1. Return one quarter of the surface area of the convex hull spanned by the alpha-carbon atoms of segment 3-133, equal to its mean projected area, in nm².
2. Length gain on complete extension for the stretch residue 159 to residue 246, per 0.36 nm per residue less the alpha carbon to alpha carbon distance?
3. Largest first and in whole Å, what are the equivalent-ellipsoid semi-axes of the chain based on the Cα gyration tensor, each being the root of 5 times an eigenvalue?
4. Please report 211, 168, 180 as a ranked list, fewest other C-beta atoms within 10 angstrom at the top and most at the bottom.
5. Taking 2.2 N^0.38 Å as the expected size of a compact globular protein, what ratio does the Cα radius of gyration of segment 147-245 give against it, to two decimals?
6. Would you mind calculating the gained length between residue 211 and residue 173 on full extension (0.36 nm times residue separation, minus the Cα-Cα distance), in nm to one decimal?
7. Set the Förster radius R0 to 45 Å, insert the Cβ-Cβ distance between residue 99 and residue 182 as r into 1/(1 + (r/R0)^6), and round the FRET efficiency to 0.05.
8. Using only Cα atoms, tell me the angle between helix 74-99 and the longest principal axis of the chain; keep it within 0 to 90° and round to the nearest 10.
């Protein structure tokens with residue numbers, strides 16, 4: 001592995017570390033909630049540590065949401081993440097206060113949790129907005145479908161490789177190498193969104209990625225494309241000449 005490849009892989013982690021340090025430093029300068037009483041550098045370690053804990057918790061909960069609740073609306077996911085991230089941070093704040101001999105009373109706990117949640121909600125909101133505005137690919141790489149298509153997919157499939165897309169009434173079934181999903185989108189719009197990919201329409205209801213084709217079956221007199229995952233894509237007489245001319249079979 002070259003140094004360049006290593007740096008590319010480490011870049012997201014380095015960006016997150018820089019954000020944690022920057023936000024921790026900013027809050028230590030502001031000293032909200034009387035945190036300036038920790039002195040210097042105590043207040044910096046206090047806020048930077050809490051930011052690191054929040055980031056780690058957020059990464060874990062985000063992974064869980066992407067895996068088990070991929071179809072949740074973005075706003076609902078953000079709200080749930082802000083609350084969940086606040087829990088370990090709140091416990092850390094309570095523990096630190098107890099360690100320094102200044103535990104807060106039980107009646108004050110809801111207020112402290114609210115203050116923690118306010119900061120967590122702000123950080124989660126910034127993260128969501130940053131992710132939304134981030135280009136699909138920050139460096140040259142394999143061509144990808146546009147976000148007009150990928151944003152409609154569950155999170156677990158957004159970076160998966162497309163195999164095929166099938167029109168089903170007003171819906172579109174998207175087959176990928178990590179599973180499939182049924183979304184509300186016209187096949188023509190999806191094909192436009194996948195214009196950068198090497199694929200073609202094989203039937204009025206089917207679009208197929210060329211690299212997903214494993215073999216061609218002509219058993220019943222008509223060609224069928226056997227795709228990754230044992231998916232069978234029909235080839236209609238309308239599109240067969242164009243596919244033969246392009247060397248698909």
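Nothing in this text is a laboratory measurement; each read-out follows from the coordinates by a stated rule. As the structure is a prediction and not an experimental result, all values here were calculated from the model. Here Cβ is always computed from backbone atoms with ideal geometry, including for glycine, and neighbour counts include all displayed protein chains.
1. Working: hull surface 39.3 nm².
Its Cα hull, projected and averaged over all orientations, spans 9.8 nm².
2. Working: separation 87, 0.36 × 87 = 31.32 nm, distance 2.72 nm.
The span from residue 159 to residue 246 would gain 28.6 nm if fully extended.
3. Numbers: eigenvalues 519, 72, 35 Å².
Values for the chain, descending: 51, 19, 13 Å.
4. On the way: 211 13, 168 10, 180 18.
Ordered from fewest to most neighbouring Cβ atoms within 10 Å, 211, 168, 180 come out as 168, 211, 180.
5. Working: Rg = 13.0 Å, N = 99, 2.2 N^0.38 = 12.6 Å.
Cα-based Rg divided by the globular estimate yields 1.03.
6. Values: separation 38, 0.36 × 38 = 13.68 nm, distance 1.85 nm.
Difference between extended and current length: 11.8 nm.
7. Values: r = 52 Å, r/R0 = 1.15.
The calculated FRET efficiency here is 0.30.
8. So the helix axis and the longest Cα principal axis differ by about 30 degrees.
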